[in-house]
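Structure record follows, encoded as C-alpha cells.
The values are calculated or read from the model by the stated rules, or taken from the named source; none is laboratory data. Everything numeric here is computed off the predicted structure, so don't read it as measured data. Neighbour counts are summed over all protein chains in view; Cβ atoms, including those assigned to glycine, are modelled from backbone coordinates with ideal geometry.
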Amino acid sequence: MDSREMIELCKRHTLYTWAVQDQVDPWPIARAEGIHFWTPEGKRYIDFNSTLMSVLVGHSHPKVIAAMKEALDGLIFAYPQSATEARARLGQTLAELTPGDIDTFFFTTGGAEANENAIKIARTSTGRFKILSRYRSYHGATNATMQLTGDPRRWANEPGAPGFIRIMDPVPLSFSFGTTGEEITHNHLTYLEELIQYENPKDIAAIFVESVTGTNGVLVPPKGWMKGLRALTEKYGILLVCDEVMAGFGRTGKMFAFEHGDIVPDIVTMAKGLTSSYMPLGAVGVRRRVVEALRSKYFAGGLTYNSHNFALATAQAVLQVTVEEKLVENAARMEAVMRREMDALKAKHPSFKEGRVIGLFGMMDIQKNSRGELIAPYNGAHPAMGKLGAFFKEQGLFTFMRWSSFSAIPPLTITESQIREAFEIIDRGLEITDAAFEG
C-alpha cells in the first residue's frame, strides 16, 4: 500500500489510542531497521523515541529475528499452568540480571498488566488494601492502573476503583520542596510520612513509583530520595514497587533504574525493553520474602497469555543481545554526548528551558519567557509547539511531544554521530520556539 491508502484504511477500520478519532493523523510506516523507519514511499525517519520508548535493541536486529524464526519451529503456546523450557530459561535469566533476591516472576502481555498484577500481589501478600502513587506518573491504561496513574490520562477514566491515594512528587510541576537535593529529599519524605500516618500505615499495601519518571518529564529522584523512601516503607511494613516498564533494561545506563538509588524494591514491574517490543510481554519480579508470604494464599490473578512461550523465547534473545553487545554500557557512555548537545542548545536558544538526561533517557522543556514559565499550560498546547512538531516530521525526526516538552529516547544502539544528526535537526527547529519567546 502507499501511505494514503494505508492511512485511510487504518482510520476507517481501527481505533487509535489517546486520541479524538476525527483528529488522528497517523504516521505511515512500512519498514524499520536500526534507529530508523521508513514510509512506503521511502522517506526515512530517525526514531528518537524508540517508537514508544520501547525498541531498545534497535529495529529488526538480525540476531533477534533469527532467534524468533528458530522459535517458530518449536513450541509456540502452552497453557499457563504448564512448564516449558522458554519459561524456565527466561525466569533464570531474569533472576541473574535483577539485583538482590528478586528471583520470581509473573509474566503478562505488557506493562499495564504487570502493574495490575503487582497490585494484586501487594494486596494478597500484605492483607492490606490502600495503594499510594504519585501525581506525575503513568502506570498503564487498565482500570486499576489508571487509578495508579496521576497524570491527566486518568481524568477521563474516573471514577475508578477505590483504595488509590496519590501524593505530590519530590519535584512537582510548580511547587518546590526545597532548593538542594538534600533539602528536597528531607522535606518530601517528611510530608510523605505524615500522609502515611493520616491514611493509617496498617491499611497501606504498597507505594508505586516510576524509578525515573517517564512521559511526565524524565524526572530523576533527588539525591538520597530512593534510599529514604525505602527506609520509610520498611519502617511501616509497606511494599515498595518500582515501575521499570520504561526505565528498565539499560535505558538509564544501568540494567534497572532503581540501581542508581542503591536500593532493592520488593516488587519490580517491567515490559517494553524486555522484548524490545518485538513481541508483547511484561513481567512482575518479586523478592523472596514477598513470595513466601504468597505461598499459602490464593493468588486471584491470571490471563490466557501468561508466560506465552514464543514471547518468552523472544525476550531471551533480546536480553542476550542486550548483554553481549553491551547496550547498557553504551547508554551510559552516550549520556555525556547527549548532555553536551543539550547544553549547547541551552547556550544558544532563549526558548530552551532545560534538558534532562540519564543514560539515553532524555527530555527537553521549552519556556515562553525569561522567568522560566513553560510555553504551554499543564495538559495544554501552544501553536509554536505544533509548528515544531511539524518541522521535526518534515525533517525526518520522530520524537514524543507533549505540552511544553519533547523527548530524546533513542534505541540503545545509537552512535555519537547519529545523536548529533538528530540534535542538528532540533537545533534548527528551535528557531520556531525562539520566535515565540516573549523575552
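For this structure, a couple of remarks:
- D103 being at pLDDT 95 or above, acidic (D, E) and within 28 Å of the chain's Cα centre (by Cα): yes
- Lone unmet requirement of (1) buried (at least 23 other Cβ atoms within 10 Å of the Cβ); (2) within 14 Å of T215 (Cα to Cα); (3) of a type in the set (S, T, Y) for Y135: (1)
- Of the residues G372, G389, the single one that is at positive phi and either small (G, A, S) or not assigned by TED's automatic domain parsing to the domain that holds L173 (or both) is G372.
- The listed residues are G178, G100, G111, and the only one of them that is in contact (Cβ under 8 Å) with a residue 12 or more places away in the chain, on the phi > 0 side of the Ramachandran plot and outside the structural domain of M53 (by TED's automatic domain parsing) turns out to be G100.
- From the list A390, A331, the one residue that fits, being part of a helix (DSSP H, G or I), in contact with a Gly (Cβ under 7 Å, 6 or more places away or on another chain) and among the hydrophobic types (A, V, I, L, M, F, W, C), is A331.
- Within the set F400, F406, F437, the sole residue that is buried (at least 22 other Cβ atoms within 10 Å of the Cβ) and either touching a Pro at 6+ places or on another chain (Cβ under 6 Å) or closer than 20 Å to M338 by Cα (or both) turns out to be F406.
Residue by residue, here is whether (1) farther than 19 Å from V209 by Cβ; (2) surrounded by 20 or more Cβ atoms within 10 Å (Cβ to Cβ); (3) over 21 Å from the mean Cα position of the chain (by Cα); (4) outside the structural domain of L219 (by TED's automatic domain parsing) holds:
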| position | (1), (2), (3), (4) |
| --- | --- |
| R251 | no, yes, no, no |
| K254 | no, yes, no, no |
| P280 | yes, no, no, no |
| R288 | yes, no, yes, no |
| R295 | yes, no, yes, no |
| F299 | yes, no, yes, no |
| T304 | yes, no, yes, no |
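- Test for E394: is it closer than 22 Å to N330 by Cα and of a type in the set (D, E): no
- Selection count where residues are part of a helix (DSSP H, G or I) and either touching a residue at least 24 places away in the same chain (Cβ under 8 Å) or buried (at least 20 other Cβ atoms within 10 Å of the Cβ) (or both), scope segment 345-372: 2
- Residues that are in contact with a Ser or Thr (Cβ under 7 Å, 6 or more places away or on another chain) and either among the hydroxyl-bearing types (S, T, Y) or surrounded by fewer than 23 Cβ atoms within 10 Å (Cβ to Cβ) (or both), drawn from segment 237-249: none
- Top-ranked residue of segment 379-429 - restricted to ones that are under 20 Å from the mean Cα position of the chain (by Cα) and hydroxyl-bearing (S, T, Y), ranked as farthest from A19 (Cα to Cα): T413
- Any hit, segment 34-46, residues being touching a helix residue (DSSP H, G or I) at 6+ places or on another chain (Cβ under 6 Å) and not in a loop (DSSP other than H, G, I, E, B): yes
- Among residues of segment 306-321 that are on the phi > 0 side of the Ramachandran plot and in the same structural domain as A112 (by TED's automatic domain parsing), those with a beta-carbon under 8 Å from a residue that is surrounded by fewer than 24 Cβ atoms within 10 Å (Cβ to Cβ) and among the small types (G, A, S) at least six positions away or on a different chain give the pairs S307/A78.
- Residue match in segment 403-414 (condition: in contact with an Asp or Glu (Cβ under 6 Å, 6 or more places away or on another chain) and in a strand (DSSP E or B)): yes
- The residues of segment 321-380 that are acidic (D, E) and within 28 Å of H61 (Cβ to Cβ), listed by number, are E324, E325, E329, E335, E341.
- Among the candidates A67, A32, residue that is of a type in the set (G, A, S), farther than 25 Å from I426 by Cβ and touching a residue at least 24 places away in the same chain (Cβ under 8 Å): A67
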